Amino acid sequence: MIIDGLGFVETEYFEFDELKLENGEKLSPVRIAYETYGELNADRNNAILICHALSGDAHVAGWHRGDKYPGWWDGMVGPGRAFDTEKYFVISSNVIGGCKGSTGPSSINPVTGKPYGLEFPVVTIKDMVNAQKKLIDHLGVRQLLAVVGGSMGGMQVLQWVVSYKDLVKTAIPIATTAHLSPQGIAFNEVGRRAIMSDPDWNGGDYYGGRAPERGLALARMIGHITYLSDESMREKFGRELKNSERYGYDFSTEFQVESYLHHQGESFVKRFDANSYLYLTKAIDYFDLANGTTLFDAFKGVKARFLVISISSDWLYPPYQSREIVMALTANEIDVSHVEIKSGYGHDAFLLETGQLTHVITNSLQKQRVQDLMIEREPLVMHEKMQMKEAAKRMIEGEFTHLPIGSRDGRLIGIITAWDIANAVANGYNLVEEILTEEVVTAYSDELIGAAAKRMEKHNVSSLPVVTTDNRVVGIITSDCISRLIAGDERRNGNPET
Ligand SMILES: CC(=O)SCCNC(=O)CCNC(=O)[C@H](O)C(C)(C)COP(=O)(O)OP(=O)(O)OC[C@H]1O[C@@H](n2cnc3c(N)ncnc32)[C@H](O)[C@@H]1OP(=O)(O)O
Ligand SMILES: N[C@@H](CCO)C(=O)O
């Protein structure tokens, strides 16, 4: 077994007291299983949150000791990969309602001391996102450079940008929808009934006894067909028989495709809980971002920029659903690009087409803007009547080498540097206004980072105040921020010494 990429990783756990749910109930206590890869930077703004799909978990990448396979998106996360852990702090968590370490129906109900079963409250995608927000706060993340996810994970991405408009810089919903089609609901209901019709389901109270494995395997077989495509199944299986050249004229498993689906069902029941399947498919069915209004209304005020990715052969979350999202974003004049991955695999292509996904996502993340990297620590703007000593104190406390100086209404009127302060001390100046530089080179928050870097080089400055069109300071971008970004790219392109 070759261990590359991140190497061995471990799941961690975060607990908090209570989560108020969309249905009015409260879940208490709440445990979140999560994994992180890479380091959170000093400005706490290089975090990328990855949200998993129906049967996923926090183990996105790297290896757990003893496992046969790495995390479910290992090809996308690690040094020099799309989500480059030498540049970004990657976070993933298991959703509430799941069964991979976070609180769900198989968790112990503190009131009864027994597994919740169907006593577990029905949770929604919004509840999952609110629980993730508690984790993000716990990790000290101030800003999410990106939130990414496929399928049910894409639903979480859409919910994140609507629920937490100021927190997300880039949203990357993949193979997803703003609301599941009736066809998708239909497949989920058949899967749920397969479980609930299994005599071992026992009203959801089967823990400690025989689990409804037959029902859960059948639900997975049905679901897995929707994750493939006619094309991929023809290529993988055709009408091949498994162990014979002729029909058995019986009801044994004869075709390769039958054998494959039984395999998927049998391996699924070893890693998933039947009640979680009920809860998570219900959450998927309930998800409706428009929520009685329109998708255009739902996206009003959203600040993130979007990379929407669809899969050409996905008939469970067809590309038209991604186009609906793109149209609603465009109508809101939100920065959105849409890429359709050409793949015959079907819906699960988002797990497999790592080459195309890496190309598309890397380009998008590299189109980082000043606002993605700028330092917004407050109070940034000092006023011109400030004493030199106070300015020096602020520089040391904030670890700044440049201080934008503003008028009392926050408009930029100049800048002072650490050198200016040394100069002032040497020449006995006491007021900031005696030494400030009035001709200030600035940047706008929505400019591409490359433009800011070129301006720094042209004017031979190492920091640019970031201003609005009416010259109010909203942050500062420094050469340190940019060199960290470039160093990470260099490493990705195989220049290890950077
Ligand atoms: C994204 C999320 O958040 S959820 C995470 C998703 N993870 C899972 O679904 C867990 C399992 N993952 C996978 O199987 C892959 O990631 C998938 C779903 C993308 C499928 O990937 P593929 O490489 O196309 O594998 P494929 O669909 O061919 O399945 C391969 C398995 O089926 C078996 N198989 C293939 N053909 C047959 C057959 N005719 N009869 C029996 N078994 C078969 C293979 O032996 C292999 O077994 P394994 O599971 O022990 O490795
Ligand atoms: N096959 C993936 C995607 C489903 O949407 C999963 O099992 O979660």
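Within the straight-line cut-off of under 16 Å between alpha carbons, the aspartates and glutamates reachable from K126 are E18, E22, E25, D285, D288, sequence neighbours fewer than 8 places apart in one chain being disregarded.
In terms of its alpha-carbon gyration tensor, the chain comes out prolate; a/c meets the 1.5 threshold, and the first ratio a/b outweighs b/c.
Using the Cα centre as the reference, give the magnitude of the dipole from point charges on the C-beta atoms of the stretch 331-400 (Lys, Arg: +1; Asp, Glu: -1; all else neutral), rounded to the nearest 20 debye.
On the way: 8 positive and 12 negative charges, 68 e Å.
The calculated dipole for the stretch 331-400 is roughly 320 debye.
Here's the list of lysines a cross-link from K393 could span, going by alpha-carbon distance under 17 Å and ignoring same-chain residues fewer than 8 apart: K385.
Each Lys and Arg adds +1 at its Cβ and each Asp and Glu adds -1 at its Cβ; summed about the Cα centre, the stretch 12-368 shows a dipole of about 420 debye. Which distance in Å, rounded to a whole number, links the C-alpha centroids of the stretch 98-115 and the stretch 1-74? Between the Cα centre of the stretch 98-115 and that of the stretch 1-74, the gap is 18 Å. Any idea what angle helix 256-269 forms with the longest principal axis of the chain, computed on alpha-carbon atoms, 0 to 90 degrees, nearest 10? Once rounded, one gets 60 degrees. The value of relative contact order for the chain, using C-alpha pairs under 8 Å at least six residues apart, is 13 percent. Sorting the segments 276-283, 346-353, 94-101 by their mean number of nearby beta carbons within 10 angstrom, highest to lowest, gives 94-101, 276-283, 346-353.
Taking the Cα centre of the stretch 85-224 as reference, the dipole from Cβ charges on Lys and Arg (+1) and Asp and Glu (-1) amounts to some 300 debye.
In the chain, taking the dipole from charged Cβ atoms about the Cα centre, the farthest positive-side position among I415, Y207, C51 is held by Y207. Electrostatic tally near G248: other residues with Cβ closer than 13 Å to its Cβ, Lys and Arg +1, Asp and Glu -1, net -2.
Rounded if a/c is under 1.5, else prolate if a/b is larger than b/c, else oblate: which is the stretch 257-364, with a ≥ b ≥ c the root eigenvalues of its Cα gyration tensor? Kindly include the intermediate steps, with their values, before the conclusion.
Values: a/c = 2.53, a/b = 1.46, b/c = 1.73.
Since a/c reaches 1.5 but b/c is at least a/b, the shape of the stretch 257-364 is classed as oblate.
Packing order of peptides 394-400, 462-468, highest average first: 462-468, 394-400 (average count of other Cβ atoms within 10 Å over each peptide's residues). In straight Cα distance, which lysines are under 28 Å from K367, not counting same-chain residues fewer than 8 positions off? Straight-line reach from K367, under 28 Å: K87, K133, K165, K169, K300, K303, K342, K454, K458. Every helix of 4 or more DSSP H residues in the chain counts as -39500 (n - 2.57), and over all residues that averages to -10500 deg cm²/dmol at 222 nm. Extension gain for E457-E10 works out to 156.7 nm (0.36 nm per residue, less the C-alpha to C-alpha distance).
Of L357, N332, V441, which is farthest on the positive side of the dipole of the chain, counting Cα position, with +1 on Lys and Arg Cβ, -1 on Asp and Glu Cβ, and the Cα centre as origin? Most positive-ward Cα: N332. Taking Cα atoms only, the orientation of helix 354-366 departs from the longest principal axis of the chain by about 20 degrees. With the cut-off at 1.5 for a/c, could you classify the stretch 388-478 from its C-alpha gyration tensor as rounded, prolate or oblate? Verdict is prolate for the stretch 388-478.
Measuring r between the beta carbons of Y249 and V190 and using R0 = 35 Å, the FRET efficiency lands at 0.80.
Only the coordinates and a few stated rules stand behind these numbers; no lab work does. None of these values were measured; they are calculated from a predicted model. Heads up, the Cβs are rebuilt from the backbone with ideal geometry, glycines too, and the neighbour counts pull from every protein chain shown.
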